[in-house]
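Asks: Sharing a structure here in structure tokens format.
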């Protein structure tokens with residue numbers, strides 16, 4: 001019972017701190033490094049995937065043997081090389 005309340009309280013408090021930093025950066029002329037660090041750190045945390053599971057438990061996960069086979073099958077490009085200036089006449 002106490003754990004969800006603590007989590008919600010921490011999330012609310014950290015969210016308020018992040019919004020304070022963002023709004024201070026946007027509107028206060030004296031905002032500095034502390035506000036920028038809090039805003040950038042909060043944004044960076046929001047980009048993290050939070051619904052991750054170990055690879056062995058993930059539905060549809062690709063096994064290591066398939067990755068090895070895919071990397072071995074990589075071929076170099078088959079595009080033709082650029083012509084040198086002394087290679088003869090061309091369309092240009």
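Asks: Tell me, please, whether a residue that is surrounded by 10 or more Cβ atoms within 10 Å (Cβ to Cβ) and at pLDDT below 75 can be found in segment 26-35.
Replies: no
Asks: For segment 36-48, which residues satisfy the criterion of being modelled with pLDDT of 70 or more and loosely packed, with under 10 Cβ neighbours inside 10 Å?
Replies: The answer is 44, and nothing else.
Residue by residue, here is whether (1) in contact with a strand residue (DSSP E or B) (Cβ under 9 Å, 6 or more places away or on another chain); (2) at pLDDT 65 or above; (3) assigned to a helix (DSSP H, G or I) holds:
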{"residue": "50", "(1), (2), (3)": "no, no, no"}
{"residue": "53", "(1), (2), (3)": "no, yes, no"}
{"residue": "70", "(1), (2), (3)": "no, yes, yes"}
{"residue": "84", "(1), (2), (3)": "no, no, no"}
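The values are calculated or read from the model by the stated rules, or taken from the named source; none is laboratory data. No experiment lies behind these values; they were computed from the predicted model shown. Backbone-built Cβ (ideal geometry, glycine too); neighbour counts: all protein chains shown.
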